[in-house]
1. For segment 165-191, what are the residues that are part of a loop (DSSP other than H, G, I, E, B) and at pLDDT 90 or above?
2. So which residues in segment 87-123 are closer than 18 Å to Tyr173 by Cβ and either basic (Lys, Arg) or loosely packed, with under 15 Cβ neighbours inside 10 Å (or both), if there are any at all?
3. Are any of the residues in segment 112-134 within 23 Å of Asn29 (Cα to Cα) and of a type in the set (Val, Ile, Thr)?
4. How about segment 40-133: which strands (runs of 3 or more DSSP E) wholly inside it have at least 2 residues that are touching a Lys or Arg at 6+ places or on another chain (Cβ under 7 Å)?
5. Out of the residues in segment 41-69 meeting the condition of being of a type in the set (A, V, I, L, M) and open to solvent by 30 Å² or more (accessible area, probe 1.4 Å), tell me which one is nearest to Thr166 (Cα to Cα).
6. Give all pairs with beta carbons closer than 6 Å in which a residue from segment 76-98 that is within 16 Å of Ser112 (Cβ to Cβ) meets a residue that is among the charged types (D, E, K, R) and not in a strand (DSSP E or B); count only pairs at least 6 apart in sequence or on separate chains.
7. Where residues in segment 193-217 are modelled with pLDDT of 80 or more and part of a loop (DSSP other than H, G, I, E, B), which of them is farthest from Arg247 (Cα to Cα)?
8. Only one residue in Ala28, Ala13, Ala32, Ala7 is part of a helix (DSSP H, G or I), surrounded by fewer than 19 Cβ atoms within 10 Å (Cβ to Cβ) and modelled with pLDDT under 95. Which one?
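The values are calculated or read from the model by the stated rules, or taken from the named source; none is laboratory data. Bear in mind that the values here come from a model prediction, so they are computed numbers and not experimental data. Please note: Cβ atoms are built from the backbone with ideal geometry, for glycine as well, and neighbour counts cover all protein chains shown. Accessible surface areas use protein heavy atoms only, side chains included; no ligands, DNA or RNA. Shrake-Rupley method; radii C 1.70, N 1.55, O 1.52, S 1.80 Å.
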Amino acid sequence: ALALSLALVVPHALQCFPPGIRFGYSIANFFADNPEWVEAYYQPYSALLLDPDLPAVGEWKSAFMCATKGGAGSTNCQLAAFGDATVVLANTVRNKPVENNGVWWYRTPNLSVGFAPDDKIKQSNADIMDAKTEPGCNYRLSWDMDNHPDRGGWRAGCDIKLDSSTDFYRVLYLSKTAYAPCQPAPPPSPPAPCPYAGDDESNWRWSCGMCQRHRCTLYGMNKCAAQYQFTDPQGAQLDQCSCACCRIQCARDKGCPTDCAVPPGPLVEESLPVAAALESMGSSRALRTWGVVLGALGVAVAAVAAPRALRARSMARAGAALI
């Protein structure tokens, strides 16, 4: 729109400044759709550009600068940018561009005028920074100004040494209407957080079945299932527990799949009370469980105590031999 029709979401009647450096704009319907804009400069790159050829800031509020390719009458901008005219038309010192609307602008008498994607320019007359280095060179437009009659425009993106070109044209439009930069579309809202984040990052090397057996259980109380207050993690709530505690191991989708319902209670940091765990497991099963646990503890204690007793007997024998 501007009538810049690049199949982008820019209306035919310009409402705000599209940000940054733009590519492929057509200015075919420029005047029809935006009559407040006027053509301030339109010359081939081969023509000498003098500083007085470009307007001073004056009453101008908005500016549009582009380089077209295709000879006289071409309406296709190879690259273009919008900016506040008080910045675009203002003089700058060498290699010190000024940022506006996401673009860095410069107009240095006896050197050049143009724009760049950042503040790094090299005005050796025109800006020769990134002359042939892609993709950086695509974002730079630079026209020689007040130089030798044989020097006109110099670059349009990665096309350089265009001083004698009649295929490329320099275009500048101005408006007395002040436009605000277009606000970028807000980022999409993140998905709602899962009611349970999933305590599945640790021990991720487990298989799905192993994780379900070890983490979706109330044995031991301090398991993932107990922390989420599941009461039947190996039965009716196995699917929920797999989502909460074994998402990675069981290749579940991140977030909240539709088949993952909210667990029956909030996540708690501490273990379930022993009495509650015994009640939930059932007395007979609990007794068997605690019997196994206590038996294992007895074996461990015996394994530690046996070497100590053996050492004590050895020392006693050694003492008796010395008497």
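1. Ser165, Thr166, Asp167, Lys176, Thr177, Ala178 - these are the residues of segment 165-191 that are part of a loop (DSSP other than H, G, I, E, B) and at pLDDT 90 or above.
2. Arg107
3. So far as segment 112-134 goes, no, none of its residues is within 23 Å of Asn29 (Cα to Cα) and of a type in the set (Val, Ile, Thr).
4. 76-84, 112-116
5. Here the answer is Leu48.
6. Partner pairs satisfying both residue conditions: Pro97/Asp119.
7. Filtering segment 193-217 for residues that are modelled with pLDDT of 80 or more and part of a loop (DSSP other than H, G, I, E, B), the one farthest from Arg247 (Cα to Cα) comes out as Thr217.
8. Of the residues listed, the single one that is part of a helix (DSSP H, G or I), surrounded by fewer than 19 Cβ atoms within 10 Å (Cβ to Cβ) and modelled with pLDDT under 95 is Ala32.
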